[in-house]
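S.K.: A single structure is presented below for examination.
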Amino acid sequence: MTEKERIFSYKAGIAVLTLIAIVIMTSISGARHVATIPVMLPDTTGPIVAESFPRVDVEAKAAYVYDTIDGVALYDKNGELQLPLASLTKVMSAYAASTLLPDYMLVRINPSDIREEGDSGLKVDESWNVQRLTDFSLITSSNDGITAIASTAGAQITGGDGKSAERLFVDRMNTLAREIGLTQTYYLNQSGLDVSTSLSGGYGSARDMSLLFQKILFEKPRLLEATSRDRMTVPSKEFLHTAENTNKTLNDIPYVLASKTGYTTLSGGNLIVAFDAGVGHPIIISVLGSSYDGRFTDMDRLVRATLDYLSKKTAQ
């Protein structure tokens, strides 16, 4: 079987399994909104890899190495498996906000914003330029900051039929996911925090996260630029804040363009990194469902394997 035939067979199998899962859940629950129920496809196959790509064993439930120039997956382990996203959700939150708010708009931190889990040092009544608050929130994975952005952006949406600003904003996130073609992705909140012990704040696949990163890098590269730095000082209107990146492996990856971590009890360790593997050759690697430390080890292995593969390909 050729590589193309193998990939087609795998994708066809995924589609059948998804359809069966949806039919079963619909008949059992009678739910009108099936999209709010996670569809967890089983791991029935090993990684699909490009010809001559090095063998890589990863701890993650799903991993995807995407070559944005050729538009192909170099490595695909359960790339379309729907899994909890944790703080990878904040990437879509930042993108959705950028479609609703100008960069220069001020966002005020309200008491309700800092009730979110975690303390990133934001102060009540502090005012931020929205782009700087986005930088800070993505680098530090601030639930407070992304909630303030979501509330402000959601307030710009009209015709909400009594929905809260945050609910309208999450609806906007899901609309964008559909428009982009993220077939395994939907969101329940703007932060990715677990809603309960059995329900995540967002779900998606490793492939979907790579496609989302690609869209942002090509259309709004400034939006994720700060996430390539391990540490930076970010000013609000009143204070200076130090932001330390939650991705502790930045210095081990060459020419990082953007990155984002995620971790909750339900998701385990998630990580996505975009880096330039050559002049104007962005590669995006997504790791979902690893352990807290395992996501970094998995990423290191996949980056090394990718560079080795591309180096040999160029030499041929």
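The rows are residues; the columns are (1) assigned to a strand (DSSP E or B); (2) in contact with a Lys or Arg (Cβ under 7 Å, 6 or more places away or on another chain); (3) farther than 15 Å from G202 by Cα.
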| residue | (1), (2), (3) |
| --- | --- |
| P254 | no, no, yes |
| L257 | yes, no, yes |
| T261 | yes, no, no |
| F275 | yes, no, yes |
| G280 | no, no, yes |
| V287 | yes, yes, yes |
| Y292 | no, no, yes |
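S.K.: Okay, next question. Inside region 235-252, can you point out the residues that are within 20 Å of the chain's Cα centre (by Cα) and either crowded, with 19+ Cβ neighbours inside 10 Å or not basic (K, R) (or both)?
M.R.: A243, E244, N245, T246, N247, T249, L250
S.K.: Additional query: Being touching a residue at least 60 places away in the same chain (Cβ under 8 Å), over 17 Å from F296 (Cβ atoms) and of a type outside the set (D, E) is the filter here; which residues of region 235-250 pass it?
M.R.: If the condition is that a residue be touching a residue at least 60 places away in the same chain (Cβ under 8 Å), over 17 Å from F296 (Cβ atoms) and of a type outside the set (D, E), then P235, S236, K237, F239, H241, A243 are the ones that fit.
S.K.: With respect to E179, determine if the residue is in the same structural domain as Y104 (by TED's automatic domain parsing), assigned to a helix (DSSP H, G or I) and out of contact with any Gly (no Cβ under 8 Å at 6 or more places or on another chain).
M.R.: yes
S.K.: Has region 183-205 got at least one residue that is assigned to a helix (DSSP H, G or I) and either touching a Pro at 6+ places or on another chain (Cβ under 8 Å) or under 25 Å from D276 (Cβ atoms) (or both)?
M.R.: no
S.K.: While we're here: Is it the case that some residue within region 160-168 is over 30 Å from L74 (Cβ atoms), without any contact (Cβ under 8 Å) to a residue 60 or more places away in the chain and touching a strand residue (DSSP E or B) at 6+ places or on another chain (Cβ under 9 Å)?
M.R.: Within region 160-168, not a single residue is over 30 Å from L74 (Cβ atoms), without any contact (Cβ under 8 Å) to a residue 60 or more places away in the chain and touching a strand residue (DSSP E or B) at 6+ places or on another chain (Cβ under 9 Å).
S.K.: Being β-branched (V, I, T) and over 12 Å from the mean Cα position of the chain (by Cα) is the filter here, so list the residues in region 167-212 that pass it.
M.R.: Matches in region 167-212: V170, T175, I180, T183, V195, T197.
S.K.: Another question, then. Just checking, which of Y75, Y64, Y104 is of a type in the set (S, T, Y), at negative phi, surrounded by fewer than 22 Cβ atoms within 10 Å (Cβ to Cβ) and in contact (Cβ under 8 Å) with a residue 24 or more places away in the chain?
M.R.: Selected residue: Y104, the only one of Y75, Y64, Y104 that is of a type in the set (S, T, Y), at negative phi, surrounded by fewer than 22 Cβ atoms within 10 Å (Cβ to Cβ) and in contact (Cβ under 8 Å) with a residue 24 or more places away in the chain.
S.K.: Within region 163-188, how many residues turn out to be of a type in the set (F, W, Y) and closer than 18 Å to P84 by Cα?
M.R.: Number satisfying all stated conditions: 2.
Matching residues to (1) of a type in the set (S, T, Y); (2) out of contact with any helix residue (DSSP H, G or I) (no Cβ under 6 Å at 6 or more places or on another chain); (3) surrounded by fewer than 20 Cβ atoms within 10 Å (Cβ to Cβ); (4) in contact (Cβ under 8 Å) with a residue 12 or more places away in the chain:
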position	(1), (2), (3), (4)
D125	no, yes, yes, yes
Y187	yes, no, no, yes
A226	no, no, no, yes
R229	no, yes, yes, yes
T233	yes, yes, yes, no
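The values are calculated or read from the model by the stated rules, or taken from the named source; none is laboratory data. Please read these numbers as outputs of a predicted model, since none were measured by experiment. Cβ coordinates were reconstructed from backbone atoms using ideal geometry, including for glycine residues, and neighbour counts include every protein chain displayed.
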